[in-house]
């Protein structure tokens, strides 16, 4: 009996000290808003809106001023998920997979390994809710599971031949693992996505979680929200939608507090591109036209905030360079892992920066590409050109690279934030040095962008042909 007691004591002692020696890694919550520019976030200087819950993340965390997305929706999502620039994966142009039924985001391809799969390998429970758009759930209903997510509630994207699927807000058409794809009559989509995350958080609060919330708001159509049902004009509805984004952020953060896991949850807040073009906002007293799909800073340099009380330094503003390719390696490092050596990525972890261990990121330049739509030809999905236009910048200078792989614009963002003066022909030494630097960077890029992975299969009745 004494021997058994001693063994039980030793077992408990070793278990306690083992867990004490290996603290649980932080939860990861990545919130990506659709079509949100800095001009609609009050902590960045937006004049026409108040976003108190987002502002609180910035006040208690780290706010970035030089953070790039890609130029449009699907390229931003694949870049965030894979840590690779679109020229490697082929998602160099916007492509609504459900509209076409072909060219899906293929989990079997190594270039498409997601952060969710890597985080699962580190022992994380994974959940996604919101907007996916890079698989057709009719072709593969469990695409999310195969991409590494344990649970999900996803708007399917508009499926050709299925009008109800166009709904992401009122009466949304959503895919879940238990019910497949169906309409949720009388419901407001953002409420369903948020509650799905909250339900998952409650069920897995005692284990590390990796949560991905690509919110469908603020994408058109501009709709009245449950909180402001009488909003009529396009601008008023847009404002109502921004306020609903802020409300959803507040609900998720409040739940983290209620569950007692707020201080071990790293929150990343970002956008997939700039504000929709029909919307004009005001930033620090200047009118800002929506620049979604444009190569200007208003189109690709968006809000980016990281928050975790007691871990991320509070009230910090940084000019460090980052973009969506950095997310995967950052999540993996925070989770205590390493990116596999044989997995090619473009991103670099910003964990040392956001943890307060370093003053800057390791990035000397960042890139945004994807401007325009792809087409379907006889072989597969093809971007508009073999080499897609893109922009590359450092902390001061920015170049525009055309589809002939030539730099045709150089801007000094410190002196010319609106990019009105092209310095490409300037003889000033600093301008020539900047041009030489970016020319060398461009020379390292492949002459042709990849195409999205596509394997021919039997035709479906909804497949489009051109």
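Summary table
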read-out: 400, 40 arranged by Cβ crowding within 10 Å, fewest neighbours leading; value: 400, 40
read-out: Taking N as its residue count, the alpha carbon Rg of region 49-118 over 2.2 N^0.38 Å; value: 1.42
read-out: Rg ratio (alpha-carbon, reference 2.2 N^0.38 Å) - region 375-443; value: 1.32
read-out: Region 375-443, relative contact order in percent, only Cα pairs under 8 angstrom and at least six apart counted; value: 19 percent
read-out: Computed over the chain: relative contact order in percent, which uses C-alpha pairs under 8 Å that are six or more apart; value: 24 percent
read-out: For the chain, calculated [θ]222 nm from helices alone, where every DSSP H run of n ≥ 4 adds -39500 (n - 2.57); value: -8000 deg cm²/dmol
read-out: Sorted by Cβ density within 10 Å, fewest first, the residues 381, 31; value: 381, 31
read-out: Quotient of C-alpha Rg and 2.2 N^0.38 Å, computed over the chain; value: 0.99
read-out: Kirkwood hydrodynamic radius over Cα pairs of region 31-178, then Stokes diffusion coefficient at 20 °C and 1.002 mPa s, in µm²/s; value: 127 µm²/s
read-out: Residues 390, 457, sorted so that the one with the fewest Cβ neighbours within 10 Å comes first; value: 457, 390
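Every read-out reported here was derived from the displayed coordinates using simple, explicitly stated rules and does not represent laboratory data. Just so you know, these numbers come straight off a predicted model, no measurement behind them. Here the Cβ is made from the backbone with ideal geometry for all residues, glycine too, and neighbour counts use every protein chain on show.
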